[in-house]
1. FRET efficiency for Thr419 and Phe108, Cβ-Cβ distance as r, R0 = 60 Å, nearest 0.05?
2. Using Cα atoms only, what is the angle between the long axis of helix 422-431 and the major principal axis of the chain, expressed in degrees (0 to 90) to the nearest 10?
3. Please tell me the relative contact order of the chain in percent, rounded to the nearest whole number, where contacts are Cα pairs under 8 Å and at least six residues apart.
4. Tell me, what ³J(HN,Hα) does each residue in the stretch 290-307 have, in order and in whole Hz, if you take phi through Karplus 6.51 cos²θ - 1.76 cosθ + 1.60 with θ = phi - 60° and put x for Gly and Pro?
5. Between Asn189 and Lys135, what is the spin-label point distance in nm, taking each point 7 Å from the Cα along the Cα→C-beta axis?
6. Could you compute how much accessible surface Ser48 exposes when probed at 1.4 Å, giving the result in Å² to the nearest 10?
7. Counting other Cβ atoms within 10 Å, which trypsin sites (Lys or Arg not before Pro) in the stretch 159-253 have at most 14 and lie in a DSSP loop?
8. Angle, helix 197-221 long axis vs. longest principal axis of the chain, Cα atoms, 0 to 90°, nearest 10?
Amino acid sequence: MKTNKAIFRRALLLAVPMMIQNGITNAVGLVDNVMVGKLGTEAITAVSIVGQLIFVFNLGIFGGLSGPGIFGAQFFGQKNTEGFRSAVRIKHLICLAVLAAGLCAFIFGEEFLIDLYLKGESEDIDPVLTMKLAKDYLNIMLWGLPPFVITQIYAGSLRETGSSIKPMIAGVASVVVDIVFNWLLIYGNLGFPRLEVRGAAIATVMARFVEALIVVIWAFAERKKHDFLIGLYRTMKIPKDSAKKMLIKTLPIFLNEFMWAGGIAALTQSYSRRGLDIVAGLNISNALCNLLNVVFIAMGNAVGILVGQTLGAKRFKEAKEEAFGLMWFTGGISLVLTAILVSVSGVFPLLYDTTENVRAYASGFIIVTALFFPVQGFLNALYFTLRSGGKTLVTFLFDSVFSWVICVPTALLLCRFTTLPILAIYAIVQALDFIKVTIGYILIRKGVWISNIV
(Lines give C-alpha, C1' and ligand atoms only; values in the text may rest on other atoms or scores of the structure.)
Protein backbone atom coordinates (compact mmCIF):
# COMPACT_ATOMS: atom_id res chain seq x y z
CA MET A 1 0.00 0.00 0.00
CA LYS A 2 1.24 3.45 -0.89
CA THR A 3 0.70 6.14 1.73
CA ASN A 4 0.49 9.80 0.86
CA LYS A 5 3.39 11.44 2.75
CA ALA A 6 1.19 14.45 3.43
CA ILE A 7 -0.60 12.40 6.09
CA PHE A 8 2.66 12.20 8.07
CA ARG A 9 2.90 15.99 8.05
CA ARG A 10 -0.74 16.32 9.10
CA ALA A 11 -0.22 13.81 11.89
CA LEU A 12 2.82 15.66 13.19
CA LEU A 13 1.06 19.04 12.98
CA LEU A 14 -1.74 17.62 15.10
CA ALA A 15 0.42 15.47 17.39
CA VAL A 16 3.35 17.80 18.12
CA PRO A 17 1.28 20.34 20.12
CA MET A 18 -0.21 17.39 22.03
CA MET A 19 3.30 16.04 22.61
CA ILE A 20 4.42 19.43 23.87
CA GLN A 21 1.39 19.87 26.15
CA ASN A 22 1.50 16.33 27.55
CA GLY A 23 5.29 16.39 27.63
CA ILE A 24 5.22 19.58 29.66
CA THR A 25 2.58 18.08 31.95
CA ASN A 26 4.72 14.98 32.44
CA ALA A 27 7.79 17.16 32.85
CA VAL A 28 5.96 18.77 35.75
CA GLY A 29 5.34 15.29 37.10
CA LEU A 30 9.03 14.57 36.66
CA VAL A 31 10.05 17.77 38.46
CA ASP A 32 7.53 16.98 41.23
CA ASN A 33 8.97 13.51 41.45
CA VAL A 34 12.58 14.66 41.71
CA MET A 35 11.70 17.38 44.22
CA VAL A 36 9.73 14.95 46.36
CA GLY A 37 12.56 12.44 45.88
CA LYS A 38 14.80 14.74 47.88
CA LEU A 39 12.53 14.12 50.89
CA GLY A 40 13.36 10.41 51.15
CA THR A 41 12.14 7.00 50.03
CA GLU A 42 8.87 7.07 52.05
CA ALA A 43 7.84 10.28 50.29
CA ILE A 44 8.70 8.81 46.87
CA THR A 45 6.68 5.67 47.63
CA ALA A 46 3.67 7.58 49.00
CA VAL A 47 3.45 9.84 45.95
CA SER A 48 3.87 6.81 43.68
CA ILE A 49 0.99 4.93 45.31
CA VAL A 50 -1.39 7.91 45.10
CA GLY A 51 -0.25 8.47 41.53
CA GLN A 52 -1.32 4.93 40.63
CA LEU A 53 -4.77 5.48 42.14
CA ILE A 54 -5.34 8.83 40.41
CA PHE A 55 -4.06 7.28 37.17
CA VAL A 56 -7.05 4.90 37.26
CA PHE A 57 -9.42 7.88 37.66
CA ASN A 58 -7.72 9.82 34.86
CA LEU A 59 -8.04 6.88 32.48
CA GLY A 60 -11.71 6.57 33.46
CA ILE A 61 -12.22 10.19 32.36
CA PHE A 62 -10.24 9.56 29.19
CA GLY A 63 -12.37 6.51 28.42
CA GLY A 64 -15.60 8.41 29.11
CA LEU A 65 -14.55 11.14 26.68
CA SER A 66 -13.21 8.87 23.98
CA GLY A 67 -16.57 7.47 22.86
CA PRO A 68 -18.12 10.88 22.14
CA GLY A 69 -14.69 11.91 20.77
CA ILE A 70 -14.95 9.28 18.01
CA PHE A 71 -18.29 10.78 16.99
CA GLY A 72 -16.90 14.31 17.34
CA ALA A 73 -14.06 13.62 14.88
CA GLN A 74 -16.47 12.10 12.36
CA PHE A 75 -19.08 14.85 12.87
CA PHE A 76 -16.37 17.44 12.23
CA GLY A 77 -15.27 15.60 9.08
CA GLN A 78 -18.94 15.62 8.02
CA LYS A 79 -19.24 19.37 8.89
CA ASN A 80 -22.17 18.59 11.22
CA THR A 81 -21.91 21.29 13.92
CA GLU A 82 -25.07 20.32 15.81
CA GLY A 83 -23.95 16.71 15.95
CA PHE A 84 -20.58 17.86 17.30
CA ARG A 85 -22.37 19.97 19.90
CA SER A 86 -24.32 16.92 21.09
CA ALA A 87 -21.05 15.00 21.46
CA VAL A 88 -19.64 17.76 23.66
CA ARG A 89 -22.78 17.86 25.80
CA ILE A 90 -22.73 14.15 26.49
CA LYS A 91 -19.06 14.47 27.49
CA HIS A 92 -20.16 16.78 30.33
CA LEU A 93 -22.76 14.30 31.60
CA ILE A 94 -20.42 11.30 31.47
CA CYS A 95 -17.59 13.15 33.22
CA LEU A 96 -19.88 14.40 35.98
CA ALA A 97 -20.86 10.79 36.76
CA VAL A 98 -17.23 9.57 36.71
CA LEU A 99 -16.09 12.48 38.88
CA ALA A 100 -18.76 11.79 41.51
CA ALA A 101 -17.90 8.07 41.59
CA GLY A 102 -14.16 8.79 41.79
CA LEU A 103 -14.49 11.24 44.67
CA CYS A 104 -16.63 8.78 46.64
CA ALA A 105 -14.11 5.98 46.12
CA PHE A 106 -11.14 8.10 47.19
CA ILE A 107 -12.85 9.73 50.18
CA PHE A 108 -14.36 6.58 51.68
CA GLY A 109 -11.79 4.00 50.58
CA GLU A 110 -8.47 5.85 50.84
CA GLU A 111 -6.84 3.73 53.54
CA PHE A 112 -7.92 0.43 51.98
CA LEU A 113 -6.67 1.48 48.52
CA ILE A 114 -3.30 2.75 49.78
CA ASP A 115 -2.77 -0.31 51.98
CA LEU A 116 -2.96 -2.59 48.92
CA TYR A 117 0.53 -1.36 47.98
CA LEU A 118 2.06 -1.75 51.45
CA LYS A 119 2.02 -5.56 51.61
CA GLY A 120 5.67 -5.99 50.69
CA GLU A 121 8.50 -5.72 53.19
CA SER A 122 11.54 -3.49 53.24
CA GLU A 123 14.21 -2.81 55.83
CA ASP A 124 14.65 0.77 54.58
CA ILE A 125 11.01 1.97 54.30
CA ASP A 126 8.58 2.72 57.15
CA PRO A 127 5.05 1.62 56.02
CA VAL A 128 3.30 3.66 58.76
CA LEU A 129 4.99 6.89 57.66
CA THR A 130 4.35 6.01 54.02
CA MET A 131 0.62 5.57 54.74
CA LYS A 132 0.43 8.96 56.51
CA LEU A 133 2.22 10.79 53.69
CA ALA A 134 0.06 9.09 51.05
CA LYS A 135 -3.17 10.11 52.82
CA ASP A 136 -1.97 13.71 53.21
CA TYR A 137 -1.08 13.86 49.52
CA LEU A 138 -4.31 12.26 48.29
CA ASN A 139 -6.62 14.46 50.38
CA ILE A 140 -5.22 17.59 48.73
CA MET A 141 -4.98 16.13 45.22
CA LEU A 142 -8.75 15.49 45.22
CA TRP A 143 -9.33 19.25 44.86
CA GLY A 144 -7.59 19.13 41.49
CA LEU A 145 -9.90 16.51 39.96
CA PRO A 146 -12.79 18.87 38.91
CA PRO A 147 -10.56 21.34 36.98
CA PHE A 148 -8.73 18.37 35.41
CA VAL A 149 -12.07 17.05 34.13
CA ILE A 150 -13.06 20.44 32.67
CA THR A 151 -9.72 20.74 30.89
CA GLN A 152 -10.08 17.29 29.34
CA ILE A 153 -13.58 18.04 28.02
CA TYR A 154 -12.53 21.27 26.32
CA ALA A 155 -9.06 20.23 25.20
CA GLY A 156 -10.36 17.01 23.65
CA SER A 157 -13.17 18.83 21.83
CA LEU A 158 -10.80 21.45 20.45
CA ARG A 159 -8.39 18.76 19.23
CA GLU A 160 -11.20 16.95 17.41
CA THR A 161 -11.59 20.11 15.31
CA GLY A 162 -7.84 20.08 14.61
CA SER A 163 -7.08 22.86 17.11
CA SER A 164 -4.45 21.70 19.62
CA ILE A 165 -2.52 24.95 20.22
CA LYS A 166 -4.77 26.36 22.97
CA PRO A 167 -4.55 23.24 25.18
CA MET A 168 -0.79 23.23 24.64
CA ILE A 169 -0.34 26.85 25.80
CA ALA A 170 -2.61 26.23 28.80
CA GLY A 171 -0.43 23.25 29.64
CA VAL A 172 2.71 25.41 29.47
CA ALA A 173 1.18 27.96 31.87
CA SER A 174 0.17 25.23 34.31
CA VAL A 175 3.70 23.86 34.29
CA VAL A 176 5.17 27.22 35.24
CA VAL A 177 2.73 27.52 38.14
CA ASP A 178 3.44 23.98 39.29
CA ILE A 179 7.23 24.24 39.20
CA VAL A 180 7.33 27.64 40.94
CA PHE A 181 4.97 26.64 43.75
CA ASN A 182 6.63 23.24 44.15
CA TRP A 183 9.89 25.05 44.83
CA LEU A 184 8.18 27.43 47.23
CA LEU A 185 5.96 25.00 49.13
CA ILE A 186 7.90 21.72 49.24
CA TYR A 187 11.02 23.26 50.74
CA GLY A 188 9.62 26.50 52.24
CA ASN A 189 11.63 28.91 50.06
CA LEU A 190 11.20 32.74 50.13
CA GLY A 191 9.35 32.67 53.42
CA PHE A 192 6.67 30.18 52.35
CA PRO A 193 5.84 27.34 54.78
CA ARG A 194 7.76 24.06 54.29
CA LEU A 195 4.92 21.65 53.51
CA GLU A 196 6.92 18.86 51.82
CA VAL A 197 4.55 16.26 50.26
CA ARG A 198 1.48 18.43 50.97
CA GLY A 199 3.22 21.34 49.22
CA ALA A 200 3.68 19.24 46.08
CA ALA A 201 -0.04 18.42 46.07
CA ILE A 202 -1.09 22.08 46.58
CA ALA A 203 1.13 23.19 43.69
CA THR A 204 -0.39 20.55 41.39
CA VAL A 205 -3.94 21.59 42.29
CA MET A 206 -3.15 25.24 41.60
CA ALA A 207 -1.71 24.27 38.20
CA ARG A 208 -4.89 22.32 37.36
CA PHE A 209 -7.07 25.37 38.02
CA VAL A 210 -4.84 27.64 35.92
CA GLU A 211 -4.91 25.21 32.99
CA ALA A 212 -8.71 24.85 33.08
CA LEU A 213 -9.31 28.61 33.25
CA ILE A 214 -7.02 29.35 30.30
CA VAL A 215 -8.53 26.68 28.04
CA VAL A 216 -12.16 27.61 28.78
CA ILE A 217 -11.77 31.41 28.69
CA TRP A 218 -9.65 31.37 25.53
CA ALA A 219 -11.99 28.96 23.73
CA PHE A 220 -15.03 31.15 24.46
CA ALA A 221 -13.12 34.30 23.52
CA GLU A 222 -12.83 32.79 20.02
CA ARG A 223 -16.23 31.12 19.89
CA LYS A 224 -16.89 32.42 16.39
CA LYS A 225 -13.99 30.26 15.26
CA HIS A 226 -15.14 27.36 17.46
CA ASP A 227 -18.79 27.65 16.52
CA PHE A 228 -19.83 24.51 18.40
CA LEU A 229 -19.52 26.62 21.60
CA ILE A 230 -22.26 29.01 20.46
CA GLY A 231 -25.42 27.90 22.26
CA LEU A 232 -23.65 24.91 23.80
CA TYR A 233 -25.20 25.48 27.24
CA ARG A 234 -28.64 26.66 26.15
CA THR A 235 -29.73 23.10 26.79
CA MET A 236 -28.10 19.85 27.81
CA LYS A 237 -30.70 17.82 25.94
CA ILE A 238 -29.33 15.39 23.39
CA PRO A 239 -31.41 13.67 20.69
CA LYS A 240 -32.26 10.21 22.02
CA ASP A 241 -30.99 8.44 18.93
CA SER A 242 -27.64 10.23 19.05
CA ALA A 243 -27.31 9.75 22.81
CA LYS A 244 -28.01 6.04 22.50
CA LYS A 245 -25.45 5.59 19.73
CA MET A 246 -22.77 7.49 21.62
CA LEU A 247 -23.40 5.71 24.90
CA ILE A 248 -23.29 2.30 23.21
CA LYS A 249 -19.87 3.17 21.81
CA THR A 250 -18.71 4.90 24.99
CA LEU A 251 -19.44 2.14 27.50
CA PRO A 252 -16.92 -0.39 26.11
CA ILE A 253 -14.24 2.34 25.84
CA PHE A 254 -14.90 3.59 29.37
CA LEU A 255 -14.77 0.08 30.78
CA ASN A 256 -11.69 -0.60 28.70
CA GLU A 257 -9.73 2.44 29.90
CA PHE A 258 -10.89 2.02 33.50
CA MET A 259 -10.09 -1.70 33.59
CA TRP A 260 -6.80 -1.21 31.73
CA ALA A 261 -5.69 1.42 34.24
CA GLY A 262 -6.87 -0.88 37.01
CA GLY A 263 -4.79 -3.62 35.41
CA ILE A 264 -1.69 -1.42 35.49
CA ALA A 265 -2.38 -0.66 39.17
CA ALA A 266 -2.85 -4.39 39.83
CA LEU A 267 0.47 -5.16 38.10
CA THR A 268 2.25 -2.62 40.31
CA GLN A 269 0.55 -4.13 43.36
CA SER A 270 1.79 -7.59 42.29
CA TYR A 271 5.34 -6.31 41.87
CA SER A 272 5.14 -4.55 45.26
CA ARG A 273 4.82 -7.93 46.98
CA ARG A 274 8.52 -8.40 46.27
CA GLY A 275 9.26 -5.33 48.42
CA LEU A 276 8.44 -1.64 48.83
CA ASP A 277 11.80 -0.81 47.21
CA ILE A 278 10.29 -2.00 43.94
CA VAL A 279 7.41 0.53 44.19
CA ALA A 280 9.95 3.33 44.63
CA GLY A 281 12.09 2.02 41.74
CA LEU A 282 9.06 1.78 39.44
CA ASN A 283 8.05 5.31 40.39
CA ILE A 284 11.45 6.69 39.36
CA SER A 285 11.36 4.71 36.11
CA ASN A 286 7.80 5.79 35.27
CA ALA A 287 8.59 9.46 35.95
CA LEU A 288 11.23 9.40 33.20
CA CYS A 289 9.56 7.00 30.76
CA ASN A 290 6.27 8.92 30.92
CA LEU A 291 8.12 12.02 29.78
CA LEU A 292 8.94 10.33 26.47
CA ASN A 293 5.97 8.03 25.91
CA VAL A 294 3.86 11.15 25.25
CA VAL A 295 5.30 10.98 21.73
CA PHE A 296 3.64 7.73 20.72
CA ILE A 297 0.53 8.46 22.81
CA ALA A 298 0.04 11.78 20.97
CA MET A 299 0.69 10.03 17.65
CA GLY A 300 -1.95 7.47 18.54
CA ASN A 301 -4.48 10.24 19.25
CA ALA A 302 -3.57 11.91 15.96
CA VAL A 303 -4.05 8.62 14.10
CA GLY A 304 -7.51 8.22 15.64
CA ILE A 305 -8.57 11.76 14.74
CA LEU A 306 -7.18 11.79 11.17
CA VAL A 307 -8.40 8.32 10.25
CA GLY A 308 -11.76 9.12 11.88
CA GLN A 309 -12.11 12.27 9.78
CA THR A 310 -11.29 10.30 6.61
CA LEU A 311 -13.86 7.63 7.53
CA GLY A 312 -16.43 10.37 8.20
CA ALA A 313 -15.85 11.63 4.66
CA LYS A 314 -16.40 8.04 3.37
CA ARG A 315 -12.89 7.73 1.87
CA PHE A 316 -12.45 4.18 3.12
CA LYS A 317 -9.56 3.00 0.94
CA GLU A 318 -7.60 6.14 1.81
CA ALA A 319 -8.31 5.58 5.52
CA LYS A 320 -6.81 2.09 5.38
CA GLU A 321 -3.67 3.33 3.61
CA GLU A 322 -3.28 6.14 6.14
CA ALA A 323 -3.68 3.76 9.07
CA PHE A 324 -0.92 1.40 7.92
CA GLY A 325 1.48 4.21 7.08
CA LEU A 326 0.94 5.94 10.41
CA MET A 327 1.37 2.73 12.42
CA TRP A 328 4.82 2.06 10.96
CA PHE A 329 5.73 5.74 11.20
CA THR A 330 4.89 5.78 14.93
CA GLY A 331 6.83 2.58 15.57
CA GLY A 332 9.87 4.07 13.84
CA ILE A 333 9.75 7.26 15.91
CA SER A 334 9.65 5.13 19.07
CA LEU A 335 13.04 3.58 18.22
CA VAL A 336 14.65 6.99 18.78
CA LEU A 337 13.00 7.18 22.21
CA THR A 338 14.47 3.79 23.12
CA ALA A 339 17.99 5.02 22.43
CA ILE A 340 17.46 8.15 24.55
CA LEU A 341 16.11 6.24 27.54
CA VAL A 342 18.82 3.58 27.55
CA SER A 343 21.52 6.27 27.38
CA VAL A 344 20.29 8.00 30.57
CA SER A 345 19.12 4.94 32.52
CA GLY A 346 22.17 4.89 34.78
CA VAL A 347 22.29 8.63 35.45
CA PHE A 348 18.69 9.65 36.11
CA PRO A 349 18.15 7.66 39.36
CA LEU A 350 21.10 9.53 40.92
CA LEU A 351 18.83 12.60 41.19
CA TYR A 352 16.90 10.89 44.00
CA ASP A 353 17.83 10.81 47.69
CA THR A 354 17.19 7.09 48.11
CA THR A 355 19.00 3.78 48.58
CA GLU A 356 21.34 2.13 46.06
CA ASN A 357 18.92 -0.79 45.87
CA VAL A 358 16.07 1.49 44.74
CA ARG A 359 18.36 3.19 42.19
CA ALA A 360 19.39 -0.20 40.76
CA TYR A 361 15.75 -1.24 40.36
CA ALA A 362 14.95 2.11 38.71
CA SER A 363 17.77 1.73 36.14
CA GLY A 364 16.66 -1.79 35.30
CA PHE A 365 13.00 -0.82 34.88
CA ILE A 366 13.97 2.10 32.61
CA ILE A 367 16.01 -0.16 30.30
CA VAL A 368 13.33 -2.86 30.05
CA THR A 369 10.58 -0.28 29.40
CA ALA A 370 12.73 1.44 26.76
CA LEU A 371 13.34 -1.78 24.82
CA PHE A 372 9.59 -2.24 24.38
CA PHE A 373 8.87 1.36 23.32
CA PRO A 374 8.70 0.52 19.55
CA VAL A 375 6.14 -2.21 20.31
CA GLN A 376 4.12 0.26 22.41
CA GLY A 377 4.27 2.90 19.67
CA PHE A 378 2.99 0.52 17.00
CA LEU A 379 0.36 -0.83 19.39
CA ASN A 380 -0.96 2.64 20.26
CA ALA A 381 -1.46 3.58 16.60
CA LEU A 382 -3.07 0.20 15.97
CA TYR A 383 -5.43 0.61 18.92
CA PHE A 384 -6.61 4.09 17.89
CA THR A 385 -7.12 2.91 14.31
CA LEU A 386 -9.47 0.16 15.46
CA ARG A 387 -11.31 2.65 17.65
CA SER A 388 -11.64 5.31 14.94
CA GLY A 389 -14.11 3.08 13.11
CA GLY A 390 -16.20 2.60 16.25
CA LYS A 391 -15.00 -0.95 16.98
CA THR A 392 -15.04 -0.28 20.69
CA LEU A 393 -16.05 -3.79 21.74
CA VAL A 394 -13.07 -5.19 19.84
CA THR A 395 -10.69 -2.77 21.55
CA PHE A 396 -12.26 -3.66 24.92
CA LEU A 397 -11.47 -7.34 24.42
CA PHE A 398 -8.16 -6.53 22.81
CA ASP A 399 -6.92 -4.24 25.56
CA SER A 400 -8.29 -4.44 29.10
CA VAL A 401 -9.66 -7.99 28.93
CA PHE A 402 -6.25 -9.10 27.67
CA SER A 403 -4.61 -7.24 30.55
CA TRP A 404 -6.74 -8.88 33.24
CA VAL A 405 -6.90 -12.36 31.69
CA ILE A 406 -3.25 -12.64 30.57
CA CYS A 407 -0.95 -9.97 32.04
CA VAL A 408 -2.17 -9.62 35.64
CA PRO A 409 -2.40 -13.39 36.35
CA THR A 410 1.03 -13.91 34.76
CA ALA A 411 2.61 -11.26 36.97
CA LEU A 412 0.81 -12.51 40.08
CA LEU A 413 1.82 -16.13 39.55
CA LEU A 414 5.43 -15.29 38.72
CA CYS A 415 5.78 -12.96 41.72
CA ARG A 416 4.21 -15.36 44.20
CA PHE A 417 5.33 -18.80 43.03
CA THR A 418 8.72 -18.34 41.35
CA THR A 419 12.12 -17.05 42.38
CA LEU A 420 12.65 -15.17 39.11
CA PRO A 421 14.19 -11.71 39.57
CA ILE A 422 11.62 -8.91 39.43
CA LEU A 423 13.20 -7.41 36.29
CA ALA A 424 12.82 -10.73 34.46
CA ILE A 425 9.15 -10.90 35.48
CA TYR A 426 8.65 -7.30 34.35
CA ALA A 427 10.20 -8.10 30.95
CA ILE A 428 8.06 -11.21 30.50
CA VAL A 429 4.87 -9.22 31.19
CA GLN A 430 5.97 -6.51 28.72
CA ALA A 431 6.68 -9.15 26.05
CA LEU A 432 3.08 -10.37 26.22
CA ASP A 433 2.18 -7.31 24.09
CA PHE A 434 3.53 -9.13 21.04
CA ILE A 435 0.36 -11.25 21.17
CA LYS A 436 -1.78 -8.10 20.94
CA VAL A 437 0.30 -6.68 18.09
CA THR A 438 -0.16 -9.86 16.05
CA ILE A 439 -3.93 -10.06 16.60
CA GLY A 440 -4.43 -6.33 16.02
CA TYR A 441 -2.40 -6.27 12.82
CA ILE A 442 -4.53 -9.08 11.38
CA LEU A 443 -7.72 -7.17 12.25
CA ILE A 444 -6.41 -3.98 10.64
CA ARG A 445 -5.37 -5.81 7.47
CA LYS A 446 -8.78 -7.46 7.19
CA GLY A 447 -10.43 -4.01 7.42
CA VAL A 448 -13.04 -5.07 10.00
CA TRP A 449 -12.72 -1.62 11.60
CA ILE A 450 -13.65 0.41 8.51
CA SER A 451 -17.06 2.08 8.94
CA ASN A 452 -18.80 5.44 8.96
CA ILE A 453 -20.77 5.65 12.22
CA VAL A 454 -22.36 9.08 11.75
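The values are calculated or read from the model by the stated rules, or taken from the named source; none is laboratory data. Since this is a predicted model, take the numbers as computed values, not measurements. Note: ideal-geometry Cβ built from the backbone for every residue, glycine included; neighbour counts use all protein chains shown. Just so you know, the surface numbers come from the protein's heavy atoms only, side chains and all, with ligands and any DNA or RNA stripped out. Shrake-Rupley method; radii C 1.70, N 1.55, O 1.52, S 1.80 Å.
1. Values: r = 39 Å, r/R0 = 0.64.
My answer for the efficiency is 0.95.
2. Its long axis makes an angle of about 10 degrees.
3. Relative contact order here is 25 percent.
4. Calculated HN-Hα couplings, in order: 5, 5, 9, 6, 4, 5, 6, 5, 5, 5, x, 4, 5, 4, x, 5, 5, 5 Hz.
5. 3.2
6. Per-residue accessible area (Ser48): approximately 10 Å².
7. Arg194, Arg223, Lys224, Lys225, Arg234, Lys237
8. For helix 197-221, the angle is close to 10 degrees.
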